[in-house]
Amino acid sequence: MRQASTKSGLSALEQIGTRIREYLAHYDGYVAFSGGKDSLVVLDLARRVDPDVPVVFFDSGLEYPETYDYIRELAVAWRLDLRVIASEPPLLDALVASGLWNHCAPDTDARIDLHDILIGGPARRAHEMFGPGELWGVRADESATRRMLYTRGGRRDGIITRTDGTIAYGPIWNWTTQDVWAHISRNQLPVNPVYDVLTRLGVPPVQHRLSHLIDGAHLDRGRLTWLRRGWPDLFEQLADTLPRIRQLT
């Protein structure tokens, strides 16, 4: 993202700050923080407007160990108003219940909606606590689906209005990955150490996305292989409960 001034005379970051201020003035809500680079940048931008903005971490129960330590330490260092909302049920319990990971054919009745467990349910609880607004780090260039999310109906302002009445705003919706890392470097923001581990393992930068250790998505991109190489003890603990993951590495 270039720092040149816009037609209003404000720099690009100043314009984003103005939009965040206007957004927070209209909608009570929170910053969704995953511990990843994109939500870190959004958190930094939001805190420039309101240092006390509520911050919510959706805890699946299967995050990288470093992510838990990183979020706890950042909450102390930045004095965040941090709330942790745990998935119900925890992700590991949901995966076991699905039957998909233990060599047994799943019972149709045991099929579960992971998106609702990991995102939908925690988000509903967060909105009940803080209001309809949500600042998040979702970016359009991450996938075709996300591009459509931001541009459908001709909108190109980073605002997404949902049918349940909640309103998400992605301040960096049109940033590139290079823009994100440049902002982090320029402002010396502390990043999750999982990125360093993935780099040492040789994981391609395009696959440096922090999320749950395992959830059935992107297994074709080597996620379980990286988990087994970088966190072998953790991998074996998971494999004792989800035996099929050994076949996918």
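From the list T161, T166, the one residue that fits, being closer than 26 Å to D113 by Cβ and open to solvent by 70 Å² or more (accessible area, probe 1.4 Å), is T161.
Count of the stretch 168-216 residues, restricted to those that are over 15 Å from W226 (Cα atoms) and acidic (D, E), is 1. Screening S5, S34 for residues that are modelled with pLDDT of 95 or more, under 30 Å from R156 (Cβ atoms) and open to solvent by 20 Å² or more (accessible area, probe 1.4 Å) leaves exactly one candidate, S34. Within the stretch 95-112, identify whether any single residue is among the hydroxyl-bearing types (S, T, Y), open to solvent by 50 Å² or more (accessible area, probe 1.4 Å) and at pLDDT below 95, and answer yes or no. Checked the stretch 95-112: at least one residue is among the hydroxyl-bearing types (S, T, Y), open to solvent by 50 Å² or more (accessible area, probe 1.4 Å) and at pLDDT below 95. The numbered conditions (1) in a helix (DSSP H, G or I); (2) of a type in the set (A, V, I, L, M, F, W, C); (3) within 30 Å of Q247 (Cα to Cα); (4) open to solvent by less than 70 Å² (accessible area, probe 1.4 Å) are all true for A123 except (3).
A single member of R223, R229, R244 is within 14 Å of Y64 (Cα to Cα) and open to solvent by 60 Å² or more (accessible area, probe 1.4 Å), and it is R229. Looking across the stretch 195-220 at every residue that is polar (S, T, N, Q) and at pLDDT below 90, the one that is least open to solvent (accessible area, probe 1.4 Å) is identified as S211.
The values are calculated or read from the model by the stated rules, or taken from the named source; none is laboratory data. These figures come from a predicted structure and were not determined experimentally. FYI the Cβ positions are ideal-geometry reconstructions off the backbone, even for glycines, and counts take in every protein chain you see. The area values use the complete protein model at the heavy-atom level, side chains included, leaving out ligands, DNA and RNA. Shrake-Rupley method; radii C 1.70, N 1.55, O 1.52, S 1.80 Å.
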